[in-house]
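A.B. asks: So that we are looking at the same thing, I have put the structure below in structure tokens.
The values are calculated or read from the model by the stated rules, or taken from the named source; none is laboratory data. Because the structure is a prediction, the values reported are computed rather than measured. Cβ coordinates were reconstructed from backbone atoms using ideal geometry, including for glycine residues, and neighbour counts include every protein chain displayed. To get the accessible areas, we keep the full protein, side chains included, count just its heavy atoms, and leave off ligands, DNA and RNA. Shrake-Rupley method; radii C 1.70, N 1.55, O 1.52, S 1.80 Å.
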Amino acid sequence: MNKSYLRSMEQEFGESSNAIRIELNRFEKAGLLKSYFDGNKKYFQANTEHPLFNDINSIILKMVGIDTIIENIAQRLKNVDAAYLSGNFAQGIDSKIIDIILVGNQIDSNLINNYISKVEKIIDRKIRYISIQKEEMNDYLRNTPTLLIWTNDQSIPKE
């Protein structure tokens with residue numbers, strides 16, 4: 001179960017600590033979050049014993065589609081020009097494995113692995129990715145069924 005503290009959420013969401021604190025206190029008061037102190041840090045995590053936890057979790061997973069997840073990962077990474085779905089999902093077939101192609105130069109694989117491991121826990125699916133150089137894109141994508149999910153570059157044609 002993921003846990004987080006106020007300052008890390010402030011950085012992750014780009015919101016003020018006061019605004020985040022107010023919302024966290026509301027969720028905790030409603031019983032949706034549990035908290036505990038470790039040293040001087042107050043950690044929060046979802047209360048999986050709350051009677052509405054499964055329903056809320058299901059709604060969030062449906063609301064946050066795969067395209068949104070990939071877009072969030074791509075936007076946080078530097079040097080990513082485009083992100084494509086490939087494999088079964090690109091062909092409209094549901095699968096426990098999500099294949100992603102990231103296009104860009106000098107993409108930080110450690111950062112990708114960090115984001116992907118977090119997302120995999122949330123969505124309960126395995127994510128496989130390959131990163132290719134922009135110059136390799138046309139040759140690589142020519143014989144691979146893909147679906148463009150996100151682009152940060154005007155020179156990459158949107159389908």
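A.B. asks: In the range 72-81, what count of residues is obtained for those that are in a helix (DSSP H, G or I) and in contact with a Lys or Arg (Cβ under 9 Å, 6 or more places away or on another chain)?
C.D. replies: So the answer is 0.
A.B. asks: Given the structure, is S35 farther than 25 Å from S8 by Cβ and among the polar types (S, T, N, Q)?
C.D. replies: No: the conditions fail for S35.
A.B. asks: Residues of the range 82-104 being surrounded by 15 or more Cβ atoms within 10 Å (Cβ to Cβ) and in a strand (DSSP E or B), which ones?
C.D. replies: A82, A83, Y84, L85, S86, I98, D99, I100, I101, L102, V103, G104
A.B. asks: Follow-up. Report the residue count in the range 10-56 for those that are surrounded by 12 or more Cβ atoms within 10 Å (Cβ to Cβ), in contact (Cβ under 8 Å) with a residue 24 or more places away in the chain and either acidic (D, E) or not in a strand (DSSP E or B) (or both).
C.D. replies: Final tally of qualifying residues: 2.
A.B. asks: Among the residues that make up the range 48-68, is at least one of them modelled with pLDDT of 85 or more and in contact with a Ser or Thr (Cβ under 8 Å, 6 or more places away or on another chain)?
C.D. replies: no
A.B. asks: Among the residues of the range 110-120, are any part of a strand (DSSP E or B), aliphatic (A, V, I, L, M) and open to solvent by less than 60 Å² (accessible area, probe 1.4 Å)?
C.D. replies: no
A.B. asks: For residues in the range 131-159 being under 12 Å from V80 (Cα atoms) and surrounded by fewer than 18 Cβ atoms within 10 Å (Cβ to Cβ), which is modelled with the lowest pLDDT?
C.D. replies: For the range 131-159, the residue satisfying everything is I156.
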